[in-house]
């Protein structure tokens, strides 16, 4: 059977989501997917567009790559657009003359920015905000401008204003309506939002109708307004709404709404049976849906419909039933949310309003005439109630108790009364971006998920905007409780505490040995879990020599002999090579030692050199030589800082903008020896080409023309994760300050063997919370965190240097306590000029040879 | 009569750690329980990892049983009996051991 051909016109977020749905479905092999984009790149995240100005690159925003499409067999054409459709022959033709036939055609042409018909709106520095190319133009224009105006005070306009502000311009917002975000907010909410935005230094001008744009006196342009006033500016950004991109459909006879938009039915079919439309170009029940979540829902419906029609010949299971347009977002740092009928348009509806000028919080509830049902809400400044309120409305549930309690903070400082998640029906949609229901989350828990990380991986809930994180966690916890799973975070049978709790106990009580902690807070004799954990906590506070008598019994396999135990019981040796920079002389020393001791030699991923196969008694001899040559221990054995990888940076590289090697060395020397819940890796890149792969590290630093961008909580390994941009354009001092705080907060609060990524994902509030703690000092602990780090830095010692200077400690470094003999059980074979441990079969042969020769 | 052989001094074993002694051509892992005079002796060979490493594991308790966790793959062995807690079919040899006048003896 030949493959069915599906052509998707447009590769925006929704078009890509549709392709991804089919390309990863069980029917992928029966379909040929073809897509066209008039843009020069594949789909990217337009929702996060303003991040382009805070350091994210086009690659960061990308939702897919050409390689991924090639691997999935998706045929794509960039920089070309479909210009005609032949509905009889079922073909499309592109501007470049390419003709392709289709079985089903999907229009995902999106929308275009509406530019009001103002004389003078077509000048060089009059721009729009929609694509990465637009951002590049804005960036270029901003570089030669001091003042910028955004025309339009809606959601997108405020996003655009954020971009101009980040580009360093004196920023103004000009809005035709009497308030900001007139669609989503009521008067009170709009007023507070305006106040907060003005506090941030953005000027807001409402009720202004621009009549013309002429040459300015002080700036490049002057905008004249209908009320006789004017405003001077160097550039203008139009963000006054979107219009569906329906030109193609219009030309080729598909039904179009009166005010634009391709008319679709509940299956998202247009007036032609084999042509569908999804996303912002589609008009359903007279409505355009300008958010991404409804677009994704349409994509799902069409994927189901097409598979049913072409392959399974079943009745399609899904229909589009409209979408809730409630939103929650952060605009210029201000939390804003709008739910349902925010304006109280419903007949006989009533309102509750809470206004706190001191804390700058505004909340309004719109309820039914009998006060029983929630119809809508506006939240500005504090949107914690969003998840609960949305569920009440979407599920048409009765408001529990007095509605006012939903928005009024209770006097004892407790959370305001919400609804228990238990009350939600299984069909309640918890994550609207990924359309995940309460039932699906519950099923994931029943299937074994018990952390937020598990849930995210299994259901994708909370992986797009993150707005539902708190609610997802509540559902998960409730389900765990219902299953009778006692959420037991005890470290092990000896301590009924988590690692973070033990850290608090040790800090407050000032304990310095495991024996004290066990005696007062634990039972039994300890084990291989609690001993190294407590050892690590003690080290992070007191930073004493790890082989000190009181601590030696706590050290894990690798730490106890300051080397990495390999499968045959021998060790590998990794001296520190800070930043990956090494002199030829030192390199020669490593070579000589490796040759003299016949150590298998390999370059590590962290830009240093690993020497394998040293026996216990050889470790001190080798380290004596290494220390004499100026090497220090590399802590490759420890749950501690491993390496700070770097690219060569501005000293040699033609593209480097800052000295990444010097920064990497400084950071590695600062944090070396810091004991942590898990290993920690850093990298520093000298420019945005990112050759050091800093975004895959716990701490990643990338140079920009304005300073350092800091990424946190990335990792490679089993579950790779890109780091999140934490702060931009930092000077050296602030960079180090933030890293000090992030690391110490991690060391004090993470669970045992928890990498930074999982730690952050499990912090309620995630990245934003971490920023609040570290940048804004929300908890008032930054001084303490910094002091803790300073102590660790000031008490650093090279453990190997200390060890080779202590004859008592060296006694342990021999295989037998009572003989000079060596372990006879070690067998090696040579491969590619080096030795490696013999395999089981090789060993048997070698043992036989030994016996024969005896 | 039991034939006791001196292998090392108690002071050679740091509290709560192990050492390996050569005894009649066998590798014996000796563990000292805290700072006490109690010493346990089992064979040093890890039957899972197939390497002579048990003396380098962390010791502790599982319930009432004194154990060592293999430094390679963390299986637990009962220090008194040599039994593996994870797999009842596996045990390592255990030895009679005593401490007299600060000296550790094996039989």
Dividing the Cα radius of gyration by the Kirkwood radius, what Rg/Rh value follows for segment A:1-89?
-> 1.02
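Per residue of B:13-26, what is the mean number of Cβ atoms on other protein chains within 10 angstrom of that residue's Cβ?
Mean inter-chain Cβ contacts per residue within 10 Å come to 5.
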Taking other Cβ within 10 Å of each residue's Cβ, how do A:844, A:132, A:593 sort, fewest first?
-> A:844, A:132, A:593
Which order do the peptides A:22-29, B:58-65, A:434-441 take when ranked by the mean count of other beta-carbon atoms within 10 Å per residue, highest first?
-> A:434-441, B:58-65, A:22-29
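Strictly greater than 25 Å: what percent of every Cα pair in segment A:349-458 meets that?
Everything past 25 Å amounts to 31 percent.
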For segment A:665-725 and segment A:343-398, distance of Cα centres in Å | 43 Å
What is the pair-distance distribution P(r) of segment A:127-191, computed from all Cα-Cα distances in 5 Å bins starting at 0, with each bin given as a whole percent?
-> 4, 19, 26, 22, 14, 9, 5, 1
Residue B:103 and residue A:489 label points (each 7 Å along its Cα→Cβ direction) are spaced in nm at 5.4 nm
Can you give the mean number of other chain Cβ atoms that lie within 10 Å of the Cβ atoms in peptide B:66-73?
-> 4
Length gained when the stretch residue A:450-residue A:629 is fully extended (0.36 nm per residue, less Cα-Cα span) | 59.5 nm
Ranking A:268, A:126, B:20 by Cβ neighbours within 10 Å, fewest first, what do you get?
-> A:126, B:20, A:268
Shielding by partners for B:48-59, please: the mean number of other protein chain Cβ atoms within 10 Å of each residue's Cβ.
-> 6
Sort A:655, A:129, A:827 so the one with the fewest other Cβ atoms within 10 Å of its own Cβ comes first.
-> A:655, A:827, A:129
Nearest 10 degrees, 0 to 90: helix A:660-671 Cα axis against chain A principal axis | 60 degrees
Reciprocal of mean inverse Cα separation for segment A:499-555 (Kirkwood radius, Å) = 11.1 Å
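So how do A:275-287, A:421-433 stack up, highest first, on mean other-Cβ count within 10 Å?
On the way: A:275-287: 24.5, A:421-433: 19.0.
The most tightly packed comes first, giving A:275-287, A:421-433.
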Please work out whether segment A:189-308 counts as rounded, prolate or oblate from its C-alpha gyration tensor, where a ≥ b ≥ c are the square roots of the eigenvalues and a/c under 1.5 means rounded, while otherwise a/b larger than b/c means prolate and anything else oblate?
-> prolate
On a C-alpha basis, how far is the centre of segment A:781-806 from the centre of segment A:493-520 in Å? Whole number, if you could?
-> 20 Å
Calculated [θ] (222 nm, deg cm²/dmol) that DSSP helices of n ≥ 4 give over the protein assembly as shown, each run adding -39,500 (n - 2.57) = -8000 deg cm²/dmol
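Kirkwood Rh over alpha-carbon pairs of the protein assembly as shown, then Stokes-Einstein at 25 °C and 0.890 mPa s: what D in µm² s⁻¹, rounded to an integer?
On the way: Rh = 32.4 Å.
It diffuses with D of about 76 µm²/s by this estimate.
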Mind computing the radius of gyration and Dmax over the alpha-carbon atoms of segment A:70-207? Å is fine for both.
-> 20.3, 60
FRET efficiency, 1/(1 + (r/R0)^6) with R0 60 Å, evaluated for residue A:542 and residue A:75 via beta carbons | 0.45
What ranking do A:817-824, A:629-636 get when scored by the average of other Cβ atoms within 10 Å per residue, highest first?
-> A:629-636, A:817-824
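In units of 2.2 N^0.38 Å, what is the alpha-carbon radius of gyration of chain B?
Relative to the rule-of-thumb radius for its length, chain B sits at 0.99.
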Would you kindly calculate the translational diffusion coefficient of segment A:126-240, applying Stokes-Einstein with the Kirkwood radius from alpha carbon pairs, for 25 °C and a viscosity of 0.890 mPa s, and quote it in µm² s⁻¹ without decimals?
-> 175 µm²/s
So the angle from the long Cα axis of helix A:840-853 to the longest Cα principal axis of chain A, reported in degrees to the nearest 10, equals 10 degrees
How far is helix A:584-596 tilted, in degrees, relative to the longest principal axis of the Cα atoms in chain A, given as a value from 0 to 90 rounded to the nearest 10?
-> 50 degrees
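From the P(r) of segment A:640-797, could you give the percentage of C-alpha pairs in the tail past 18 Å?
Considering segment A:640-797, 55 percent of its Cα-Cα pairs are separated by more than 18 Å.
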Cβ-Cβ FRET estimate between residue A:729 and residue A:516, R0 fixed at 35 Å, reported to 0.05 = 0.15
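No lab work stands behind these numbers, since they all come straight from the coordinates. As the structure is a computational prediction, the values presented were derived from the model and not from experiment. All Cβ positions, even for glycine, are placed from backbone atoms using ideal geometry, and neighbour counts span all protein chains on display.
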